[in-house]
Amino acid sequence: MTTADSRARALFLTIACLFLLSGATSLVYQVTWMRMLSLLFGSDVYAAAITLAVFMSGLSVGSWLSGRMAARLRRPLLAYGILELAIGAYALLFPALLESFEPAIQSVYRGWFEVSPVLYHACRIAIASGTLLVPTLLMGATLPLIVQQFGSREAGLGNRVGVFYAVNTVGALGGTLLAGFVALPLLGVTRTTLGAVTVNGLIGLGAVLLALRVSDPTARAPAGRGAEPRAPLTRLQRAAVAVMALSGFAALALEVVWMRVLVQSFSATVYAFSIMLSCFLLGIAWGSREAARIVDRHPSPARLLASLELWLGAGVAALAVLTHLVPGFFGALVWTLTEATGGFGAASVVAQFAAAGVLILGPTVLLGATFPVAVVVFTRDIELRARGTGVVYAANTAGAVLGSLAGAFWMLPTFGARASLFAIAAVFAAAALGLDWVARRESREAVPALSARTRWGSLAVIAVSALVYAALPPQTVINFNLQQSSAPELLFHGESGSHSLDVVRNEDGDTVMMINGNIESDTTFTQRRHFILKAHLPLMLHPDPRDVAVVGLGLGITLAATERHPTVETIQLIELSPLMLEAHAVLRELTGGVLESPKMRVRIDDGRNFMAYGEGDFDMITADPVHPRITGVGTLYTREYYELIRDRLRPGGTVIQWMPMYRISKTSFDVAFRTFAAVFPHASFWYVGGHGLFVATADPFRIDYEVLAQRFAHPAVGDDLRSIGIDSPEILLAHLLMDTEHIRRYLAQNGGGPLNTDDNAYLEYRTPFEFIEGPDDIVPGLVAFAGWDADALLVNAPAEARATIQQLFAERLGRIEPELTELRP
């Protein structure tokens, strides 16, 4: 090897390393920017679709533009370095740019959300485009520039495209794992972004310095406009582009469906999504690298591409059958590993990687292989390597945009998750057969057709899979395979772009609601107690509550109790999912048709979005999110969210926040407690059978016993409370575990600690590993600091009532810890 060859190889390897890091920073930015945008204009399915579509559209357009321009550049490596520096600089300014849009989104929300949703969504598209298009255009432009720099006839176009595509994807895989498992949990969004910006700066600076120090290894002058071909694209070239657009469409639709299928077993946590995405990227990188080894020597790249697409269709169809085995496999593995290691967190991660790998790796290896093969099919002249790379990448990514939208808004709601796999398989098969048809008629190419074995073998797999799937019984899946029966009585099933929703009746006759396989609520006595208290307790502590906001519908028990409270005149319900309203058609007996009450005002929206941008104040706000381990829900437990709620309370207003004491550690519970108390200094803590209720008032916390007793005497209120074992106002007050002073003492015992914020997302990243922890670890510590000053807290209470309350409190305090045995599964 000559000195020049050694230098060229060293340059190639150095840039490959930089391009790997570039892939990592791009995924870090995608994760952090999506999180920031969800905080700006909500986390509903339309917001998620808008941000993803704009992000990928930018990549597509950037790749296409770069492919058109790269051949005219004398130093494409220098241009690449400048782009990386620009991406880093933009990322540094991104938070400030996003913040500048807050007044606009608030104005649009208040003016158009209800009267013109189309204009509201158009505004969100404009904001997403204004913030995301520039950096994603720059990101999409990088690969064609790299291919232009290093592609050559000697090295092989397919080899270079495949290697750099694989390298960048491996970097994206590393960025996914680094952001999801290390950087964001430990550093938070701001410091993670600063770290990525630093790396981006080093990548750009390194590329610029290398470009200035070395000569162009292609040793060619840049092509002018006259060098571009005038001949139109051949039918085979157009077919290759169409196939990659369809392949991108099917790939992203497949990713959407995979995530739906797997989260029903895994639970929809931030780690589940990181694991699934990393498996997807691993398969893409692996397949691209393997294709790079063979494509330049293959006698018919078009035939190879058609074969890959056809076997993709067969593999995806077979997955529809395999998905029925995943819940049992994953459940057995996770609980076996948990028992063997004594720890749930690591066991869960290993089991999720194993289950996701079984479903995802095979098809994604084939997907990854299609890209370098398609570039070779499309590119007839090595001088047009950047253009070919840019066009194929742009088509694939544009198809992916449409596929993600079709998967979420058409396939899942129309066919359901598993049946959608057959629709996706059909897209892959149609792309393959169409390419084969064109290739056999491309007379100048003499391209051999697909072999009969490949064609009929793959189609047979699709047909057999469909027959087996049709014969399989219906399956109801609960996270971590915890269901006792896979076929309970199904009362309602619905699928939307963001989640599935099931309402079932179990063998004990209880009604259970599940979202993405996670049990959100049920009608057992333990659950009904805190549902009813969440309604009446804060209302009874308010002197005259008229206007109420309820965030989250669930089974509607809390909402129905709120509607029955005698002083309440209007209830603003904020519910994220339209499916919830549909499900309540089968829950009328449970809720009394509360949604049809004249007191109700229903708004389909993200609760945080409403609190941030909506109008109107309230006497009472019920903040009733699901468990914070579910991705996105942690933002409803943050300091910033509580500040939004505080600002919507009227003078004298009350707020109640449910806090689970199961599947959460004492440390995480204390963080949640500390966060609430930091925003609401006039707080109290109430305990009922494994559930915590944070109740706070805008003014110093006092309990007017006379008002409380009058409310209890109302038939609707008294009947509700007696149905959960609370027969008197004194028994109700005995559920108060801590007043403001005792909360302060409890939280001060360890000298303070972190809060749950939008930046650190503490609960969202910690609680998924705490699935088997619960009240046994939390309650004893609370009991040790339990107490409240009846003389200071109670007003208008007779001496006899005070004495009774203190006696009942002491008796209940003595029963709390023994009762924990009844809460264990």
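Can you compute the FRET efficiency between Ala4 and Glu442 using 1/(1 + (r/R0)^6), with r the Cβ-Cβ distance and R0 = 45 Å? Round to the nearest 0.05.
For Ala4 and Glu442, the calculated efficiency is 0.70.
For Met600 and Asp699 in the same chain, what is the full-extension length gain: residue separation times 0.36 nm, less their Cα-Cα distance, in nm?
Extending this stretch completely gives an extra 32.9 nm.
Around Pro660, what is the net charge, scoring Lys/Arg as +1 and Asp/Glu as -1 over all other residues with Cβ under 12 Å from its Cβ?
Residues near Pro660 contribute -2 overall.
So what's the net charge close to Arg766: Lys and Arg +1, Asp and Glu -1, counting the other residues with Cβ under 15 Å from its Cβ?
Numbers: positive: Arg629, Arg663, Lys666, Arg674; negative: Asp670, Asp759, Glu764, Glu770, Glu773, Asp777.
Surrounding charge for Arg766 is -2.
Where the accessible area of the chain is counted over protein heavy atoms with a 1.4 Å probe, how much of it, in %, is carbon and sulfur?
Summing carbon and sulfur atoms, their accessible area is 60 percent of the total for the chain.
Is the shape of the range 583-724 best called rounded, prolate or oblate, per the rule: a/c under 1.5 gives rounded, else a/b larger than b/c gives prolate, else oblate, with a ≥ b ≥ c the square roots of the Cα gyration tensor eigenvalues?
The shape class here is rounded.
How far is it, in nm, from the label point at Gln807 to the one at Ala713 when both lie 7 Å from their Cα along the line to the Cβ?
So the two model labels end up 2.2 nm from each other.
Measuring from label point to label point, each 7 Å out along Cα→Cβ, what is the Arg588 to Ser116 span in nm?
Calculated label separation equals 3.7 nm.
Where both partners of a DSSP beta bridge lie in the chain, what percent of those bridges are antiparallel, to the nearest 5?
Within the chain, antiparallel bridges account for around 60 percent of the total.
Helix 45-69 against the longest principal axis of the chain: what's the angle in degrees, Cα atoms only, rounded to the nearest 10?
Its long axis makes an angle of about 20 degrees.
Normalised by the number of residues in the chain, what is the relative contact order in percent for Cα pairs under 8 Å and 6+ residues apart?
14 percent
Would you please state which residues of the range 736-759 a label at Leu194 would reach in this model, taking the label point 7 Å out along Cα→Cβ and a backbone N cut-off of under 11 Å?
Of the residues in the range 736-759, none has backbone N under 11 Å from the label point off Leu194.
Given a 1.4 Å probe and heavy atoms of the protein chains only, how would you sort Lys666, Lys534, largest accessible area at the top?
Final ranking, largest accessible area leading: Lys666, Lys534.
Tally Lys and Arg at +1 and Asp and Glu at -1 over the other residues with C-beta under 14 Å from the C-beta of Thr364: what net charge comes out?
Charge balance in the 14 Å sphere: -2.
May I ask you to list the residues of the range 599-621 whose amide nitrogen lies under 18 Å from a point 7 Å from Cα along the Cα→beta-carbon direction of Ser496?
Output list for this probe position: 601-611.
If the only charges are +1 at each Lys and Arg Cβ and -1 at each Asp and Glu Cβ, what is the size of the charge dipole of the chain around the Cα centre, to the nearest 20 debye?
On the way: 61 positive and 68 negative charges, 963 e Å.
Rounded to the nearest 20 debye, it is 4620 debye.
Could you give the nm distance between label points at Glu706 and Ile125, where each point is 7 Å from its Cα heading toward the beta carbon?
The two pseudo-label positions are separated by 6.0 nm.
Please work out how much accessible surface Val365 shows to a 1.4 Å probe, ignoring ligands, DNA and RNA, in Å² rounded to 10.
Result for Val365: roughly 40 Å² accessible.
Using the heavy atoms of the protein chains and a 1.4 angstrom probe, tell me the accessible area per residue for the chain in square angstrom. Kindly include the intermediate steps, with their values, before the conclusion.
Working: 31280 Å² over 825 residues.
On a per-residue basis, the chain sits at 38 Å².
I need the shape label for the range 102-198. Rule: rounded when a/c is under 1.5, else prolate if a/b > b/c, else oblate, with a, b, c from the alpha carbon gyration tensor.
The shape class here is oblate.
Using only Cα atoms and rounding to the nearest 10 degrees, what angle (0 to 90) does helix 417-440 make with the longest principal axis of the chain?
10 degrees
Highest mean first, what order results for 346-359, 466-479, 428-441, 262-275 on Cβ atoms within 10 Å?
Packing proxy ranking, top to bottom: 262-275, 428-441, 346-359, 466-479.
How large is the accessible surface of Asp617 in square angstrom, using a 1.4 angstrom probe and rounding to the nearest 10?
70 Å²
The values are calculated or read from the model by the stated rules, or taken from the named source; none is laboratory data. Model, not experiment: these values are computed from the prediction. So basically every Cβ, Gly included, is an ideal-geometry build from the backbone, and we count neighbours across all protein chains shown. Note: areas computed on protein heavy atoms with side chains; ligands, DNA, RNA excluded. Shrake-Rupley method; radii C 1.70, N 1.55, O 1.52, S 1.80 Å.
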